[in-house]
Amino acid sequence: MTPDFLPPPDSSSRLMLTTPTKTVMVSVIMALMTGIMAQIWHGGPWVLIQCGLAAITALTAEATALILRGRPALPALMDGSAMVTAFLLGLSVPCLAPWWIITLGTLFAILLGKQVYGGLGHNPFNPAMVGYTILLISFPRQMTDWPVGHIPLDAVFRAILQGGENFRPDAVAMATPLDALRTGIFMRQTLPEASWTSAFVQGDGWINLGYLLGGLWLVKRKLADWRIPLSYLGALTGFALIFHWADAARYPDPGFHLLNGATMLGAFFIATDPVSAATTPRGRWIYGAGIGVLVYVIRTWGGYPDGVAFAVLLMNLSAPTLDHFTRPRAYGHSR
Amino acid sequence: MLAILVLSLLFASFGWLLGLSSKHLAVQGDPLPNKIDALLPQTQCGQCGYPGCRPYAEAIARGEADIDQCPPGGDACVQALAELLGREAKSVNPAFGTEKPPAVAFIDEPRCIGCALCLPACPVDAILGAPKFMHTVIASECTGCELCLPACPVDCIDMKPLAAQPDPWRAS
Amino acid sequence: MSAGLVGSFPGGLVLEGHKSLSNQTPIRPAGLPARLIFPLRQRNGEDAPLRVSVGDHVLRGSLIAGGTHLMDPPIYASSSGQVMAFEDHDLPHPYGGSNRCVVIETDGQDESLPPLPLMDAETYSPESLLQRIHEAGIVGLGGAAFPTAAKWLKGEAAIHTLIVNGAECEPYITCDDLLLRERADEVLRGTMLLSRCLDCSTILIAVESDMPEAHRALLDTKTALGAQAAAIKIVQVPARYPAGGERQLIPMLTGREVPSGTVPAAIGILCQNVATVAAIYRSVIWGERLDSRIVTVTGDGVKTPQNLEVRLGTPLGFLIEQCGDYVTPDRQIKLGGPMMGHPVTRDTLPVTRSVNTILVTTTVGPTPTPQPCIRCGACVDVCPTRLLPQQLYWHAQARQLQATLDQHLFDCIECGCCDVVCPSHISLVHEFRQAKQTALARQQANERAAHARQRFEARQARKLREQQDRETAAQQRKSSLSQGASPKIQEALERARQKRASRHLPPASEDAS
Amino acid sequence: MKHTLLILVSSMLVNNLVLVKFLGLCPFLGVSKRQETALGMGLATTFVLTLSSVLSHVAQTYLLVPLHAEYLRTIVFIVVIAVVVQFTEQVIRKTSPLLSQVLGIYLPLITTNCAVLGVALLNVQASHTIIESFMFGFGASLGFTLVLVLFAGIRERLEGADVPQPFRGSAIGLITAGLMSVAFMGFAGLIKS
């Protein structure tokens, strides 16, 4: 029984001191640009094909789901959240992965990660990371083929359209530094090249710097939370420092971790997704730090090349519990 | 053979230990019916099939009755019960009735013949009257259970919606 | 200049003031309207008992209604005239609704009753001051209209700190600013009077840092008053909304929080609005009843924004006419500031003791449609009560009443900071008000249920007792019968039995009854 | 020392009972509506699981093996577990009647909880020592408690979510559990046993 005798709220004359959700989402995509630029410069413009495929799939899936539910589709499509999900996925899959990889991943992300829970604001997990991890555990080979070097145009299209089964570019399958790190640790080898400089050999360093730049811009404009990236990067650096200090030969320096893999993309664009993150101020500190620790643990000892997606999902599922136990002391209450 | 013998002995001693501990840890009283009762609307209407809210609460506590049998409490009451008992929330079973806005009984005095039949029907003694005298319902005591309606031979009792608007001025 | 500040409050917003719209001209007395309307509803939600009947002739100062107890301060007529009717009118209150009002048609004579008997300012006792505050019908003039006398008495602790609140934090509102500029003397003297009576050790007057003229006026008057005002500290607080809320002002000045669910008097602090203090002063020294107040009429929808000294009961439309009428017919009226004010649709509503501002705005653009909450937490950063508005909203949407209570729903002061910063344009305060309503309704239902349970159990016990009584009575009768208390009865029974036997009739059951 | 700690972490996260081995799904879905309840169930299970894995180890080494009665293992383990559960239930009913009501049928059902028997059998299979059995049982039950509480937190939040009608209730619970399981795959390969 809800009393309906309250006068309706008046939003027409009220103050607005805020950036609307839509603008936030558009700004997030804009902030991604520096990183995308670096990615294009380093690996060719093919990443844009992946982003485009993801965007089309995401919008179609979102619209279909909303229409099936009998909800107005247009406002939800316009809020830009599906686009952000699509871009994050497009940037995470290898740029020459066959088309069905990104399509399938986006479908998982939008439908299973988001719409099943009721759409924007209701999803407990970051949709893009749901899609990404499902892809990663289902198609590990396609999801770890990061091509290096120049690839002829026809080879690119054959790879994307026909899939990697029929054709593999020659220049693929060079191990990423993160792969090398893990293999090295298990082989008990020393890692002469595992320092921050090695990140720039394959371009990961530039890409990470690109995302760092865009992310800082977001944080400065207060469109992304600052606590999560700070505690995430802080925890990652701290862990890396401790282990590097203990055994520099086997554990690379913090710079290596900060500049490799999806560290920065995760810090500023994935972990900061407010819907699936912890929502209390203290909770966000813990949330970010948790991701940092898990990224380090999974990268160093785990079975997957990068831990960002898993770390984010693992902290996503802890977020409600974190919120529950980190509620701030309300005014006039003694704890 | 030996194994089975030893094990049987062992199990027997387990049983004996459990018996001892159950005596030691016996529970007196059960606060659960009280907690359930506290969530029920106390209309005492009997729509749940039990003679009052308390018996229904006891039935729920014993596991005999489901939590969706209280139409006056409505879905909110079912949800509260589900929360207390950790069960799945559902809506009120329509077999027991439907939720209505709160109401109180009102006796149309010109039609009342003073038969006093409604007096014992009222579960909260909210009807004032005596044989051959006019009856009236004390509105502040009436729970709106409607049990007096069938008792009245001349149908002089009507249910009037209760203006239960919460006082908004108290909120701020 | 922030001397004396010992603390801060969480959250809050720095807002654009728009104060210069209305604080450039001095306070002007508003004219006498043809009709005065006095709502009977008091702060505690009850109607003040009527003291007049239709057709009565009243003078300025005649008691119209109320005055029975401290939560029911008297309502006085603010001009002379005739009581025309008791009608239902919309109420100037955030929760809206309409209620019975006394309508007085003024006769233009403006005759008044003699003032209340004068009090000797030097010899009064706390009790007599309290009595006078109640008699004069004084309530908090900051906007909440809580009866002043009742507020004072609510705490058990002795009052040690008096805070006079001139921190007018909401944009557009300037009535306290103007009052301080023009009548700093009344405020200071009223403060002295109160503090002497309460015997408190700390006396503070707080103004916001964007009210330099008012601050100057206070300092000048304090110097002029000399040694007797020496104990009064005049403090500037940062102009950050809602610094003027008493729950925010108190921690800023004293470093202490007001415990949830209590009034400041519970921790020995009395916080009064400057206008209230001035009204107390006038009621004591001049015997004035509270029948007028200063109202800011402002906004871009009215031609000459200014502060008016308004008789209570004056319809809003009359005041807007006094300020040169609306700029465009397409306008919106809000009572109070843009943050906590509430919209009214008609300008026939009267000014009551709680109306401090009439904000008229030209309507701007379409209402943005609310979008889903993305839990961004912008509302958390600005909440002055350190609540989690996004969580509250989540639970309120899901009708999880207990969860909203666990999240301290009732500590929300409805300041509107969260509304303003929400990127999804969600009207959070509206949701919270609605949730509070639901919670109150639930609470009332629970009270009813507890009462019904008691009655049911009493009845069960009675029925049980009656049955036991019946059984014991029957037992007694039986035993007395079988034991043959009287031989005559035995004989009679014997005769009857033989008679029945001879007629071959079964024993009649009526005999037993 | 390092080895036993690894067993603890492994059984808690890497080989999480619920999300990786899919044991004990019945209470996982049944008693995860309130975080407080979930914690209570988790603690009860922790107690039962740890104790029964140690006791079953004792029964295995000092009873079944000397008597050459390994073929009776399942029965003996079940009886051991049943005794522990009964005892726990009595204690809970005494100390927290509300919790026992809330846990309801799930409390005695710990007896037939495949997780408990599963852990006892896994202990035997891996020929753990008594310390290792303890650590394994303790870690597994901590992992169970952890995911139960986290899952309950998500479900509490989901109660307010605008989930499409066909997915309400258990359906969305299972989907969420699936996604949690995906997330826990991140721990795969952490510990090479």
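We did not get these values from a lab; they are worked out from the coordinates using the rules stated. All values derive from a computational prediction rather than experimental measurement. Heads up, the Cβs are rebuilt from the backbone with ideal geometry, glycines too, and the neighbour counts pull from every protein chain shown.
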Seminar exercise, completed: Longest principal axis of chain C (C-alpha) makes with the long axis of helix C:212-225 (C-alpha) an angle, in degrees to the nearest 10, of 90
For this session: Quickly rank A:83-96, D:147-160 as a protection proxy: mean count of other C-beta atoms within 10 Å, highest first.
Result: A:83-96, D:147-160
Problem set entry | Helix-only CD estimate at 222 nm, as mean residue ellipticity for chain C, using -39500 (n - 2.57) per DSSP H run (n ≥ 4) | -11000 deg cm²/dmol
Seminar exercise, completed: Taking N as the number of residues in the stretch C:135-231, the ratio of its alpha carbon radius of gyration to 2.2 N^0.38 Å works out to 1.11
For this session: Find, among the trypsin sites (Lys or Arg not before Pro) in the stretch C:322-403, those assigned to loop by DSSP (not H, G, I, E, B) with at most 14 other beta-carbon atoms within 10 angstrom.
Result: C:Arg346
Problem set entry | Estimated dipole of the stretch C:1-91 in Debye, rounded to 20 [Cβ of Lys and Arg +1, of Asp and Glu -1, Cα centre] | 380
Seminar exercise, completed: Binned at 5 Å from zero, the C-alpha pair distances of chain D give percents of 1, 8, 16, 19, 18, 15, 12, 6, 3, 1, 0, 0
For this session: Using a 10 Å cut-off on Cβ to Cβ distances, tally the other chain neighbours for every residue of A:134-144 and report the average as a whole number.
Result: 1
Problem set entry | Rg/Rg_globular for the stretch C:336-417, with Rg_globular taken as 2.2 N^0.38 Å and Rg from C-alpha atoms | 1.36
Problem set entry | Overall Cα dimensions of the stretch C:366-482, principal axis frame, Å, largest first | 91, 28, 19
Seminar exercise, completed: Charge tally for neighbours of B:Ser21 with beta carbon under 11 Å away, counting Lys, Arg as +1 and Asp, Glu as -1, is +1
For this session: Once every Cα of the stretch C:1-108 carries one equal point scatterer and solvent is ignored, give the base-10 log of I(q)/I(0) from the Debye formula at q = 0.11, 0.23 Å⁻¹, two decimals.
Result: -0.56, -1.20
Seminar exercise, completed: Plugging the Cβ-Cβ distance of D:Leu67 and D:Thr95 into 1/(1 + (r/R0)^6) at R0 = 30 Å yields, to the nearest 0.05, a FRET efficiency of 0.20
For this session: Multiply the residue gap between C:Glu46 and C:Asp199 by 0.36 nm, knock off their C-alpha separation, and tell me the result in nm, one decimal place.
Result: 51.8 nm
For this session: For the stretch B:94-147, state the average projected area of the convex hull of the C-alpha atoms over all orientations, rounded to one decimal in nm².
Result: 4.3
Exercise. If you place +1 on the Cβ of every Lys and Arg and -1 on the Cβ of every Asp and Glu, how big does the dipole about the Cα centre of the stretch C:366-482 come out, in debye to the nearest 20?
Worked result: 1000
For this session: Write down, largest first, the equivalent ellipsoid semi-axes of chain C in whole Å, where each equals the square root of 5 times an eigenvalue of the alpha-carbon gyration tensor.
Result: 59, 30, 26
Exercise. Could you give the nm distance between label points at B:Ala95 and D:Val58, where each point is 7 Å from its Cα heading toward the beta carbon?
Worked result: 4.9
For this session: Along Cα→Cβ, 7 Å out, is where each label goes; now give me the distance between the ones at C:Leu113 and C:Arg477 in nm to one decimal.
Result: 6.8
Exercise. Hey, what does the equivalent ellipsoid look like for the stretch C:316-362, semi-axes from the Cα gyration tensor as sqrt of 5 times each eigenvalue, largest first, whole Å?
Worked result: 16, 13, 9
For this session: Distance between Cα centroids, the stretch D:54-69 to the stretch B:39-99: provide it in whole Å.
Result: 50
Problem set entry | Crossing angle, helix C:487-503 versus chain C [Cα axis fit, 0-90 degrees, rounded to tens] | 70
Seminar exercise, completed: Output field shielding_mean for C:454-460 (other chain Cβ, 10 Å radius) holds 6
For this session: Over the alpha-carbon set of the stretch C:19-311, work out the extent along each principal axis and list the three values in angstrom, largest first.
Result: 53, 45, 38
Exercise. Net charge near B:Asp155, counting Lys/Arg +1 and Asp/Glu -1 over other residues with Cβ under 14 Å of its Cβ?
Worked result: -3
Seminar exercise, completed: If the label point sits 7 Å along Cα→Cβ of A:Arg282, residues of the stretch C:384-407 with amide N under 15 Å come out as C:386-388
Exercise. Rounded to the nearest 500, what is chain B's calculated 222 nm mean residue ellipticity when only DSSP H runs of at least 4 contribute -39500 (n - 2.57) each, over all residues?
Worked result: -10500 deg cm²/dmol
Exercise. Listed here are the pairs A:Lys114/C:Lys436; C:Lys303/C:Lys334; A:Lys222/D:Lys33; C:Lys19/C:Lys151; which of them are more than 25 Å apart at the Cα?
Worked result: A:Lys114/C:Lys436; A:Lys222/D:Lys33; C:Lys19/C:Lys151
For this session: Give, rounded to the nearest 20 debye, the magnitude of the charge dipole that the protein assembly as shown has about its Cα centre when Lys and Arg contribute +1 at Cβ and Asp and Glu contribute -1 at Cβ.
Result: 2760
For this session: Mind checking which of A:Ala31, B:Leu117, C:Leu428 is farthest towards the positive end of the protein assembly as shown's charge dipole, using Cβ charges of +1 (Lys, Arg) and -1 (Asp, Glu) about the Cα centre?
Result: B:Leu117
For this session: Please figure out what share of the DSSP beta bridges in the protein assembly as shown is antiparallel and state it in percent, rounded to the nearest 5.
Result: 65
For this session: Express the Stokes-Einstein translational diffusion coefficient of the protein assembly as shown in µm² s⁻¹, to the nearest whole number, given a Kirkwood radius over alpha-carbon pairs, 4 °C and a viscosity of 1.567 mPa s.
Result: 36
Exercise. Given C:Gly97, C:Ala167, C:Leu290, which one lies farthest toward the positive end of the charge dipole of chain C, if we put +1 on the Cβ of every Lys and Arg and -1 on the Cβ of every Asp and Glu?
Worked result: C:Gly97
Problem set entry | Dipole of chain C, positive direction: furthest Cα of C:Thr385, C:Phe410, C:Pro264, with charges on the beta-carbon | C:Phe410
Problem set entry | Residue-by-residue Karplus 3J(HN,Hα) for the stretch C:100-107, coefficients 6.51, -1.76, 1.60, Hz, glycine and proline x | 5, 9, 8, 10, 10, 8, 7, 9
Exercise. For B:50-56, what's the mean count of beta carbons from other chains sitting within 10 Å of each residue's beta carbon?
Worked result: 2
Problem set entry | Inter-centroid distance (Cα atoms) of the stretch C:327-357 relative to the stretch C:162-186, Å | 20
Seminar exercise, completed: Here the averaged projected area of the stretch A:22-143, based on the convex hull of its alpha-carbon atoms and given in nm², is 7.0
Exercise. Using the per-residue mean of other Cβ atoms lying within 10 Å as a proxy for protection, in what order, highest first, do the peptides D:73-86, C:466-479, D:123-136 fall?
Worked result: D:73-86, D:123-136, C:466-479
Exercise. So, in Å, what gap is there between the alpha-carbon centers of the stretch A:47-92 and the stretch C:84-121?
Worked result: 61
Seminar exercise, completed: Relative to the compact-globule estimate 2.2 N^0.38 Å (N residues), the Cα gyration radius of the stretch B:32-96 stands at a ratio of 0.93
